[in-house]
Amino acid sequence: MDKQAFQEEPPFPEGLNLAQLEVIDYDKLVNDPDSDEARRLFEACKHYGFFYLKLDHSEKGQQLLDLVKETFTLQKKVFDLPSEEKRPYDTGQFLGYTAPGGTVIDRNGTRDRMEVWNIGKDDIMQPGYSIPKPPLLLDSQKILQTFTQSCHEVALTILAALESLLDLPKGTFADLHRLSAESGDHVRFLKVPPQPDTDRRTALGEHTDFGSITVLFNRLSGLRVVEPGRQYGENDWDEWPWVQPRPGHAIINLGDALVKFTNGLFRSNVHRVDPPLGTQKLVDRYSLIYFSRPRDDVVLKRLPGSGVIPPLADGVVEEELTSKEWIERRAAGKRHGKFKGPEHWDRMSGTESASKAKASPLVAV
Ligand SMILES: O=C(O)CCC(=O)C(=O)O
Ligand SMILES: [Fe+2]
């Protein structure tokens, strides 16, 4: 049996230019946050800002993989609900349901080719929140809670290893990302349906994630990233490397908050989702994602007290934006009805230009 293939999915297409991402062992990070593995993680965060997290040979990791399987089944059932049952939950807000074509994916206002359900962490963990949901999701509170706790733990484990190498006081990141504090963390169900051969387009446009650590599970081709240091012209759109999902692994990427905390030492890589290729183009593409973000009230600025984080350049004054304000600004006009044109789009951007410009070489550990 090919260990790199998902048995229940059509095979990953051959001959694609693949992103060469590091593989980091979750078990080693859990057991020794000061190991060589942590140093490799640190280098991967400076270089690609994306890496694989190997989960399948530890008990904790395997528990998460079992949950992922269960949650994939749940999301399929949720998206299989008839449109009229889903539509009432599409209120134009970031959290809740977004029907296909409900967001714009570029500065020209092109519509997406995906279906999304964003479920807030506070809604999942705090019973009083209760954003309206269909019975299927209300009945699944327990599995969503366990998935949230498990992914949050993954994020904190990664952050603890990074914190030590950033020479920050122990517990800095744990405090900035408390599970019990209000924050923009959320679970995302994402479905990209097959597209006709005559009209195939990017499903989710290029972007950086807004928060700290993204824990992503997908099974098909589609995800594409920017190769560090490579400058892409308009015509090189099809040269972005593809990320091949690996059974037993999560794909992890860093978001804007970590770029801001580290004054650009870490990279929040620009990525997008194209329709799958080969025989994978015939089936629905699902992803299951946990976005971890700093507490709502945290101001996204260079963290003090580290000799490793580069100092601000002379004359640079950082903006005073909280994590909540940052997410609102970035998400604000992406809903189709709220989009106000290319300049408006540019004002919603995050750390994309820094991500594309910078290239820290991968240092071997
Ligand atoms: O589906 C994927 O592979 C990536 C999705 C993504 O980048 C996102 O939802 O922010
Ligand atoms: Fe993303």
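The values are calculated or read from the model by the stated rules, or taken from the named source; none is laboratory data. All values derive from a computational prediction rather than experimental measurement. A quick note on method: Cβ atoms are made from the backbone with ideal geometry, for glycine too, and the neighbour counts reach across all protein chains shown. With ligands, DNA and RNA removed, areas are computed over all heavy atoms of the protein, side chains included. Shrake-Rupley method; radii C 1.70, N 1.55, O 1.52, S 1.80 Å.
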Qualifying positions in the stretch 215-253 - within 13 Å of ligand 2 (Cβ to nearest atom), under 11 Å from His271 (Cβ atoms) and either open to solvent by less than 10 Å² (accessible area, probe 1.4 Å) or in contact with a helix residue (DSSP H, G or I) (Cβ under 8 Å, 6 or more places away or on another chain) (or both): Gly222, Leu223, Arg224, Val225, Val226, Val243, Ile251, Asn253
Conditions (1) under 15 Å from Tyr290 (Cβ atoms); (2) in contact with a Pro (Cβ under 8 Å, 6 or more places away or on another chain); number of the one not met by Thr146: (2)
Where Tyr129 falls short, out of the listed (1) of a type in the set (Phe, Trp, Tyr); (2) under 18 Å from Ile327 (Cα atoms); (3) more than 22 Å from the chain's Cα centre (by Cα): (2)
Pair list, Cβ < 8 Å and 6+ apart or interchain, from the stretch 281-296 residues that are within 23 Å of Trp326 (Cα to Cα) and more than 13 Å from ligand 2 (Cβ to nearest atom) to residues that are open to solvent by 30 Å² or more (accessible area, probe 1.4 Å) and in a loop (DSSP other than H, G, I, E, B): Arg295/Arg178; Arg295/Glu182; Asp296/Glu182
Test: residue in the stretch 351-359 that is at positive phi and open to solvent by 30 Å² or more (accessible area, probe 1.4 Å): no
Leading residue by the ranking (surrounded by the most Cβ atoms within 10 Å (Cβ to Cβ)) among those in the stretch 291-339 that are aliphatic (A, V, I, L, M) and part of a helix (DSSP H, G or I): Ile327
Residues of the stretch 185-200 that turn out to be within 10 Å of ligand 2 (Cβ to nearest atom) and buried (at least 20 other Cβ atoms within 10 Å of the Cβ), as a count: 1
Which numbered condition Leu166 fails, given (1) at pLDDT 95 or above; (2) among the hydrophobic types (A, V, I, L, M, F, W, C); (3) over 30 Å from Ala38 (Cα atoms): (3)
Residue within the stretch 31-52 that is farther than 27 Å from Ala99 by Cβ, surrounded by 20 or more Cβ atoms within 10 Å (Cβ to Cβ) and in contact with a His (Cβ under 7 Å, 6 or more places away or on another chain) present: yes
Close pairs from the stretch 194-206: first without any contact (Cβ under 8 Å) to a residue 60 or more places away in the chain, partner within 16 Å of ligand 2 (Cβ to nearest atom), Cβ under 6 Å, at least 6 apart: none
All positions within the stretch 254-276 that are open to solvent by less than 10 Å² (accessible area, probe 1.4 Å), among the aliphatic types (A, V, I, L, M) and more than 12 Å from ligand 2 (Cβ to nearest atom): Ala257, Leu258
Only listed residue being over 20 Å from Val23 (Cβ atoms), open to solvent by less than 50 Å² (accessible area, probe 1.4 Å), out of contact with any Leu (no Cβ under 6 Å at 6 or more places or on another chain) and away from ligand 1 (no atom under 16 Å from the Cβ), chosen from Ala181, Ala160, Ala203: Ala181
Long-range neighbours under 9 Å by Cβ, at least six apart or interchain, first residue farther than 13 Å from Ser292 by Cβ within the stretch 250-262, second within 12 Å of ligand 1 (Cβ to nearest atom) and of a type in the set (S, T, N, Q): Ile251/Thr214; Ile251/Asn218; Val259/Thr208; Val259/Ser268
Condition check for Gly102: open to solvent by less than 90 Å² (accessible area, probe 1.4 Å), on the phi > 0 side of the Ramachandran plot and out of contact with any Phe, Trp or Tyr (no Cβ under 6 Å at 6 or more places or on another chain): no
Candidate set: the stretch 278-288, residues that are open to solvent by 10 Å² or more (accessible area, probe 1.4 Å) and within 16 Å of ligand 1 (Cβ to nearest atom); chosen: the one nearest to Gly255 (Cα to Cα): Tyr286
Filter result for Pro241 (over 19 Å from the mean Cα position of the chain (by Cα) and modelled with pLDDT of 95 or more): no
